[in-house]
Amino acid sequence: MYSSLWKSIHKRINMAFKGEDHLDSLPLPVQRMHLIQVDSVQRWMEDLKLMTDCECMCILQSKPISIEKDEQNEHILSSQYSTCNNLQLLLKRAWIISTELTRIAQKLEKNRWQRVHSMTVRVNCHVRSMINEYNTFTRSSSEEMHQLEKLLIDKCSEFTAFTERCVQTEDEQMLRSMKSCVNETLTTVAQYFGQLIELVLTHEAQNLLRQIDLSDSVYVTESAINSLFSLTQEGAHLCRIIAKEGGVVALFKICRQDCFRCLYPQTLRTLASICCVEEGMHQLEKVDGILCLTDILTDNTHSEATHAEAAAVIAQITSPHLTFTQHLSSFLENMEEIVTALVKLCQEASSGEVFLLASAALANITFFDTMACEMLLQLNAMKILLAACSDKRIVDTPYSRDQVVTILANMSVLDQCASEIIQGNGIQLLMEMLFERSSSGNTAEVAACERVQQKSAVTLARLSRDPEVADAAVKLSCIPRLIKLCRSPTERNNSDSVLVACLAALRRLAVMSPDRLEDSDFQQLVKPRLVDSFLLCTNMEESFV
């Protein structure tokens, strides 16, 4: 019903104010507890000026407050910091408006006309405030934008007057007939609002890109790039706008100028963000971006920070989750140089962050083709990665171990990999990874730990076709650990993918050393079909009380 932009903004609001829209259905004490949990003093302080400005406008029936010219700065919603800060303020106001529009639709469904009207007045005030705020800091705006602003304000006024009439009407039949008109007006307001926000963001992206394109000042260019990066963090829709307006082209132009070398890290970081969308990938292909990245990675005169950010772009554009792969043909042409540079970066990484970015890029590349895995084998990457894992300063998180074990799992399809693993004490590392647990309980970290357990079991299953590897795994007591992971859902954090991988590894090891399993384990975990063992293990903790 609403524009795609409005939907994306509303989705972000839901993440920030999760559950707030459902407060009316809760008992009052629960509502209070919920608000205490969701809101904080800090959020209240941030939002207070937004809310009080809105209330002042409500009291004055949306009439602008007259102020002296020299006092204007005292009354503006926020001080004039920078384009980036002003856009953040604009987006904050937009989130509030889209939340109110959603809640109006909810109240309208329940025929709560008084609430609908009061919320409509608030939206009217917020829209006017947002437009006034934007016009105080924008350098120039187009005629199209002015027309859209007028359309939105007029439609909001019409919406407010409409809902006021509904509040004053007691005839139920008339209210039912008016409801469809109110719905239609609400839809139009949402559409105009979404179009205006899109136009504003496009206009600001154009301004920033113009600065990047035309300025020879390092300071001005750096400020514009930082502002552009902040915009990319607001979601995929903004990344699409920036890409369509030539953001990738402008940033790669910076990366090809030696006078801006000091800006390469933040420029590449911004590029990585933009290239999460298909439009960014298309632009990267058009400007030979992969060749530029290859040149940066293979140029030893660049700083480690620059190499790390170039690796981050490679990791982004090679993500196996992407559905668009038109850029891969040019990537394959430069793959050997890129892989060589990334292995070197892993070996020489001075911090966990640098290693994580380089290993993530390598992990993604190994999904392409076994050719990448063969390159890694020739470059002695196995030894380098295993050595890095013993350095807790470098491989210091489950995320880094996830990248390493991904590479090992993909390389394990090669027959030559087994001897490399044994020589580098890799079986011991895989055994340790089967014990991977989150220390913080953070959702992302827990998921990373599950992936580490799953991939280490997969790697063991693949490598155990080699009797020497299987024997080493058995001696390190891998079988008891695999059995524990199968039988105890808490050990694998109730992960089905970990369970399947562990059952597969256990069955491979059981072929090599059947005497290491008790009869009950063999009968339940090895002998039946895999699906039957899976169902047995997933039902172990069920209660029928």
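The values are calculated or read from the model by the stated rules, or taken from the named source; none is laboratory data. Since we're looking at a predicted model, the values are computed, not measured. Every residue, glycine among them, receives a Cβ derived from its backbone with ideal geometry; neighbour counts consider all protein chains shown. For the accessible areas, the whole protein counts, side chains as well, though only heavy atoms, and no ligand, DNA or RNA atoms are used. Shrake-Rupley method; radii C 1.70, N 1.55, O 1.52, S 1.80 Å.
Give me the percent of the accessible area of segment 396-469 that comes from carbon and sulfur atoms, probe 1.4 Å, all protein chains in place.
47 percent
With contacts defined as alpha carbon pairs under 8 Å and 6 or more residues apart, what's the relative contact order of segment 283-420 in percent?
It rounds to 25 percent for segment 283-420.
Relative to the compact-globule scaling 2.2 N^0.38 Å, provide the ratio for the alpha-carbon radius of gyration of segment 286-377.
Expressed relative to 2.2 N^0.38 Å, the Cα Rg reads 0.99.
Ignoring any ligand, DNA or RNA, what whole percent of the accessible area of segment 174-277 comes from carbon and sulfur when the probe is 1.4 angstrom?
Carbon-and-sulfur percentage of accessible area, whole number: 51.
Just the accessible area per residue of segment 216-283, please: how many Å² with a 1.4 Å probe?
37 Å²
How large a share of the accessible area of segment 472-545, in percent, is made up of carbon and sulfur atoms when the probe is 1.4 Å and the other protein chains stay in place?
Percent of accessible area from carbon and sulfur atoms in segment 472-545: 53.
If you keep only loop residues by DSSP, which trypsin sites (Lys or Arg not before Pro) in segment 345-421 have at most 14 other Cβ atoms within 10 Å of their Cβ?
The qualifying sites are Lys392, Arg393.
If you take the C-alpha gyration tensor of segment 341-470, multiply each eigenvalue by 5 and take the square root, what semi-axes do you get, largest first, in whole Å?
Semi-axis lengths for segment 341-470 are 21, 18, 13 Å.
Under a plain spin-label model, where a point goes 7 Å from the Cα along Cα-to-Cβ, how far apart in nm are Ser303 and Gln106?
Using points 7 Å along Cα→Cβ, the separation is 4.7 nm.
How far is it, in nm, from the label point at Arg437 to the one at Ser180 when both lie 7 Å from their Cα along the line to the Cβ?
Roughly 6.2 nm, to one decimal.
To the nearest 20 debye, what is the magnitude of the charge dipole of segment 106-208 about its Cα centre, counting +1 on the Cβ of each Lys and Arg and -1 on the Cβ of each Asp and Glu?
380 debye
Subtract the Cα-Cα distance of Asp369 and Asp471 from 0.36 nm times their separation in residues, and report this length gain in nm to one decimal.
Using 0.36 nm per residue and subtracting the Cα-Cα distance, I get 33.8 nm.
In segment 340-481, if the dipole is taken from +1 on Lys/Arg beta carbons and -1 on Asp/Glu beta carbons about the Cα centre, which of Ala341, Val405, Asn364 is farthest to the positive end?
The one lying farthest along the dipole's positive direction is Val405.
For segment 442-545, what is the accessible area per residue in Å², given a 1.4 Å probe and the full set of protein chains?
50 Å²
Which of Lys286/Lys344; Lys253/Lys286; Lys455/Lys484 have a Cα-Cα distance over 22 Å?
Lys286/Lys344
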